[in-house]
Amino acid sequence: VGGGFVVTGNPNNQNAFRMIDSEANISELNDYDVKYKFKNGKELENLCWAMDMNISDIIFENELKWRNAELIKEGLLNIWNVMDACIENGLSTKGLLNATTRRAKKLAEKIIEMEYSDNNTGLNSINMKGNFSDDWLRCWAVAVNEENAGGNRVVTAPTNGAAGVIPAVIKYYKTYHKTPNDDGGAMGMLYKRGASLSAAEVGCQGEIGVASSMASAALCEVMGGNVFQVTNAAEIAMEHSLGLTCDPVGGYVEIPCIERNAIGASKAVASARMALMGDGKNVVSLDNVIETMRQTGWDMQAKYKETSKGGLAQNVPSC
């Protein structure tokens with residue numbers, strides 16, 4: 001199951017993190033004996049506040065349990081290089097997939113054409129003074145997921161089906177701002193513990209929703225957000241992904257999955273920017289929305305959980 005755990009016995013609708021917690025004290029488990037422990041968003045916020053640290057600092061310190069700082073940075077750079085190569089491969093490849101046709105290359109060519117055009121009508125007229133950053137953001141997400149659909153190399157972050165959101169948002173920041181840090185992983189941990197990353201368990205809210213939430217949190221921090229704005233950004237992205245179904249046409253991770261990554265990336269940027277304009281105070285907490293996502297996922301009918309037995313999969317003819 002993408003984004004989940006391999007478990008034995010009867011999980012009883014519990015994911016592996018909750019099974020572990022119910023069987024042993026978390027501090028007794030060597031893998032979790034890290035410097036800064038947290039199990040939910042509130043604990044993470046309090047920890048950052050008490051230690052006067054960013055979320056990325058907390059995660060970095062915890063990673064030092066397994067490897068030194070140089071290896072951590074080297075590993076992160078390697079992951080980014082794979083993500084970036086995936087984008088570039090997607091932008092340079094044409095052809096058919098299983099249920100649709102690749103279009104990232106054509107999208108890129110169209111954006112370049114508009115960037116160098118003096119025409120102020122049509123699409124050009126809605127881009128402020130030639131700013132095509134949002135178009136590139138979506139194009140990059142499409143490129144990654146077309147590579148995934150083609151069976152090529154992607155980074156599972158948080159899942160293969162949602163692999164385009166985080167690379168697109170990172171490239172957006174690197175292209176239009178500067179080099180990012182890492183704290184999106186902390187959000188992924190919270191979702192994995194508190195709910196699920198698997199569309200087979202909770203629908204696409206657990207894949208694209210989580211990816212948008214992770215990317216939004218990371219972008220918010222590197223753009224200067226404090227811990228409360230960062231968790232607010234993560235919450236906004238997920239709040240507006242609640243109930244998202246997984247209904248791939250023909251059973252292929254293509255329709256609506258590829259476009260959904262593009263929209264998920266846009267949602268991540270919008271959520272981060274909205275959070276940055278606020279003070280971090282919000283009615284709905286990150287923990288509230290994670291629990292709501294879990295409950296929504298359990299209540300969702302099985303036909304909307306990666307089975308292709310409902311939704312678009314039943315109403316759109318597969319090729």
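The values are calculated or read from the model by the stated rules, or taken from the named source; none is laboratory data. Model, not experiment: these values are computed from the prediction. For neighbour counting, all protein chains shown are included, and Cβ atoms are generated from backbone atoms with ideal geometry for every residue, glycine included. When the accessible area is computed, the model is the full protein with side chains, heavy atoms only, and any ligands, DNA or RNA have been set aside. Shrake-Rupley method; radii C 1.70, N 1.55, O 1.52, S 1.80 Å.
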statement: Output for region 244-314: trypsin sites (Lys or Arg not before Pro) sitting in coil per DSSP, at most 15 other Cβ within 10 Å, listed by number, reads K281, K309
- prompt: On the accessible surface of region 58-119, probed at 1.4 Å, how many percent belong to carbon and sulfur atoms?
  reply: 50
- request: Please give, to one decimal in nm, the separation of the simple spin-label points placed at M53 and I112, each 7 Å out from Cα toward the Cβ.
  value: 4.4
message: If I take R0 = 25 Å and measure r between the Cβ atoms of L76 and S133 in this structure, what FRET efficiency does the formula 1/(1 + (r/R0)^6) give, to the nearest 0.05?
response: 0.60
query: When the chain is fully extended, how far beyond the present Cα-Cα distance does D279 get from N46, taking 0.36 nm per residue of separation?
result: 82.3 nm
Per residue accessible area of region 169-306, 1.4 Å probe, in Å²: 36
query: From the cross-link list K39/K267; K192/K309; K39/K192, which pairs have alpha carbons spaced over 22 Å apart?
result: K39/K267; K192/K309
task: Multiply the residue separation of Q301 and V34 by 0.36 nm, subtract the distance between their alpha-carbon atoms, and state the gained length in nm to one decimal.
output: 92.3 nm
field: J(HN,Hα) series, region 83-92, from Karplus relation 6.51 cos²θ - 1.76 cosθ + 1.60, nearest Hz, glycine and proline x
entry: 4, 5, 4, 4, 4, 5, 4, x, 6, 9
task: For region 217-319, with all protein chains present and a 1.4 Å probe, just round the carbon and sulfur fraction of the accessible area to a whole percent.
output: 54
With all protein chains modelled, accessible area of V165 [1.4 Å, Å²]: 0
- line: The aspartates and glutamates whose Cα lies under 17 Å from the Cα of K37, excluding any fewer than 8 residues away in the same chain, are D21, E28, E45, D52, D57, E61, E63, D183, D287
field: Under 18 Å from K281, Cα to Cα: lysines that are on another chain or at least 8 residues apart
entry: K42
